[in-house]
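Accompanying notes for the structure given below.
The numbers here are math on the coordinates, done by the rules we state, and not lab data. Computed from a prediction, not measured in an experiment: that's the story for all the values here. FYI the Cβ positions are ideal-geometry reconstructions off the backbone, even for glycines, and counts take in every protein chain you see.
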Amino acid sequence: MGDSKFSNFDNMSLQGIDDEAELIPLLTAEDEEQMNGETLPETLPILPLRNTVLFPGVVIPITAGRDSSIQLIKDANNGNKVIGVVSQKDEEIENPEIKDINTLGTVARILRVLQMPDGNTTVIIQGKKRFEIAEVLTQKPYFTATVRETAELRPDHNDGEFLAIIESIKDLALKIIKDNPNIPSEASFAIKNIQSDSFLINFVSSNLNLDVKAKQDLLEIGDLQERALTTLKYMNVEMQKLELKNDIQSKVRSDLDQQQREYFLHQQMKTIQEELGGVSADDELEEMRAKAKKKKWGKKVKEHFTKELAKMQRMNPQVAEYSIQRNYLDLFLDLPWNEFSKDKFDLKRAERILDRDHYGLEDVKRRIIEYLAVLKLRNDMKSPILCLYGPPGVGKTSLGKSVAEALGREYVRISLGGLRDEAEIRGHRKTYIGAMPGRIIQSLKKAGTSNPVFILDEIDKLSNSHQGDPSSAMLEVLDPEQNSEFYDNFLEMGYDLSKVMFIATANNLDTIQPALRDRMEIINVTGYTIEEKVEIAKKHLLPKQLREHGLDASHLKIGKPQLEKIVEGYTRESGVRALEKQLAKMVRYAAKSIAIEEAYDIKVSNEDIVKVLGAPKMERDKYENNEVAGVVTGLAWTSVGGDILFIESILSKGKGNLSITGNLGKVMKESATIAMEFIKSNAERFGLDPEIFEKYNVHIHVPEGATPKDGPSAGITMLTSLVSLFTQRRVKKSLAMTGEITLRGKVLPVGGIKEKILAAKRARIKEIILCADNERDIKEIKEDYLKGLTFHYVKDMQEVIDIAVTNRKVKNAKKL
């Protein structure tokens, strides 16, 4: 078998094996035409090649190492010098059988046979044309076989696409030769002087840095244009590898030069520092020791610091680990070990600060004052973990600043929204490049005390990823029984967090991990009434916006009626964030008028509000007092607070089908079905003829179909709507309701009562129907919120109908 010593782009050459070998001329167009016209012998001796593929027109040297291969070359050289060359499928096979070689190969002519000094026989052969083995005749002493010529599909010489591919191959080959220092420059001369398109393709394919399988696949492509395109693709890959290799070598060379340069600069800087009396590594160590003596850390921390300082002393200041160790020790020295700010126990002052900064929020203020009172009496208490839960814009985060001021503590805030890396909480191990302590330790370093007020903002928005579960890492932080020894991976020691007052904020408790939620005291921060929003706007929001826009109270005045109009007509939320945006628009309008010296009314009127803010956008929030049967007002809870919704129902001639629309969830649809079946089973009680259920279809709709709705609290509302529809009697004016129903006719309690009550007040509702078990929720609500409202507490569905549905028929009532 032949062992190839063929060349590729890394050692491209058309020279023979030694200096005595004559130069093999390049294949010209005339040579190719003559070669294609030669007749293929019927039988050929077959020479298997182990690690190369011969292409037509290409000259390669072959070293014969097997007895059968040497005999074949000797016999052919003494004969017509024509042999068949094929490649092995597996180059590891020493004595291949016919199944181990490819059936398609290249007819070759022996140009020269050389006896090498090491005893091997080297033969220089040139490919002629492709052939395919038809039948094997003999296998000893070497393979002989009948063969047939394999035709090639050659494109027209004037084919523009083919010519473009050929030019691309030639240009790219020259570029590869130029950029690769391992390829001799003579190779570019060879490429430029190739006249034949097919020989150029075969020559480049033969010299590509590919394995035998890929080259065999190229040889077997019968369409010359397709072979050229495939070759060009391989060349592009080779070029990209070469560019990447050169780029890497350039960078490595640059990095080495930079390292040497930095080394000399460091040496010079060290000498200059010593001359000028600057800080050397030894001085740095002494400075750390001096700082350590002033720290208030315990014995365990002190021993650990001393050990790590000794480790740093043994390090070479030029190595990378030295700066890591220095940063680690700097963190130890900067952390406020056992350093606490003194709490202020003036409860009256604390109340004044909380009332000054926040209007309402009585439950939260009361809980803070209770904490201060207990801390004052015991003077030693683990700080509570409070979680302020409520809709956006109600002041949860800003409350933390007021608490910190009232306590006289430092204020620290961490935003946890979207946090998905556990190392953000626990830190990285300092052995990693770019390692840092977690946010908890970093924030304590910034605060300068070990007992700040710590705001964990948006704790419900922690995420999970392949980098760990941050919410699980927070368990140790927020557990009063564990956080006295909070372990940070970078610090490699426990740190006492038990004196820190943690206040978390959340919009949705459902997304908080149950184990994490169990460690916190949940305080519900509900929305504000219209009156409270007006007061907040007057005392806080408007003055703040005037300051931020460079104005004062003399430039713009907004009275309470106008503030109330803005609240009712342009905001629809439990908090005051949207209200602040509307006030900012009013202030900007005044600022613009002042800047361009345009006249405007300092005292804002209702007309000015419409002029600046446009027509009121939230009037649909108001109660609709209509005269149509089947329309009832319900109360709902949303992520931004309470809201009202209208449930409509209508009858049409049919067969008693029930249809429900309005983007409703499964639970809400079930409530409609329960209400319908209850009415059917109690038709006589409501004065209804049972036959009407078979004559009319019922359609229930909840407007605002773009908004998904679900939950059981619309049960009594749907029941009332259907009774009003079938009896054609009006529903009581200014009435809303909420409650779940059962098939037994019972009314069950629901949640979100305070938010729903605030929504009812915004909509000018006067009467509200609730389950009797919800009365306890009403008693927990501040009395100011309940002014002007009448509550009806019910236990079964019949009570709901008796209160809500009047005896008056609607106009144009249907006769059922």
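So here's what we get for this one:
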read-out	value
Over 19 Å [Cα-Cα, the range 356-431], rounded percent	50
Distance (nanometres) between label positions extended 7 Å along Cα→Cβ at SER415 and VAL237	4.7
Exposure proxy order (Cβ contacts within 10 Å, fewest to most) of LYS81, LYS128	LYS81, LYS128
The range 347-524, relative contact order [Cα under 8 Å, separation at least 6], %	30
Along each principal axis, Cα extent of the range 281-334, largest first, Å	32, 19, 17
Part-to-part distance (alpha-carbon centres) for the range 674-744 and the range 463-515, which is given in Å	48
Per residue Cα convex hull volume in Å³ - calculated over the range 425-556	177
The range 422-546, relative contact order [Cα under 8 Å, separation at least 6], %	27
Cross-link partners of LYS307 among lysines (Cα-Cα below 21 Å; sequence separation of 8 or more within a chain)	LYS291, LYS293, LYS294, LYS295, LYS296, LYS299, LYS430
Estimated 222 nm signal from helices in the chain, with DSSP H stretches of n ≥ 4 weighted -39500 (n - 2.57), rounded to 500	-13000 deg cm²/dmol
Kirkwood-Stokes translational diffusion coefficient of the range 526-604, alpha-carbon pairs, 10 °C, 1.306 mPa s, µm²/s	125
Along principal axes, Cα extents of the range 623-809, largest first, whole Å	49, 34, 30
The range 382-510 - share of DSSP beta bridges that are antiparallel (%, nearest 5)	20
Protection proxy ranking of 89-101, 330-342 - average other beta-carbon atoms within 10 Å, highest first	330-342, 89-101
Average Cα contact separation per residue, the range 530-620, under 8 Å, 6 or more apart, as relative contact order %	37
Kirkwood hydrodynamic radius over Cα pairs of the range 685-795, then Stokes diffusion coefficient at 4 °C and 1.567 mPa s, in µm²/s	83
Proximal aspartates and glutamates to LYS74, defined as alpha-carbon separation beneath 19 angstrom and excluding residues fewer than eight positions away on the same chain	ASP3, ASP118
For the chain, share of DSSP beta bridges that run antiparallel, in % to the nearest 5	60
Average silhouette area of the range 347-524, convex hull of alpha-carbon atoms, in square nanometres	10.2
Calculated P(r) tail over 44 Å for the chain, as whole % of Cα pairs	61
log10 of Debye I(q)/I(0), alpha-carbon scatterers only, for the range 90-185 at 0.14 Å⁻¹	-0.95
Those lysines that a straight Cα-Cα span of less than 22 Å connects to LYS241, excepting residues fewer than 8 apart in one chain	LYS170, LYS175, LYS178, LYS213, LYS215, LYS233, LYS251
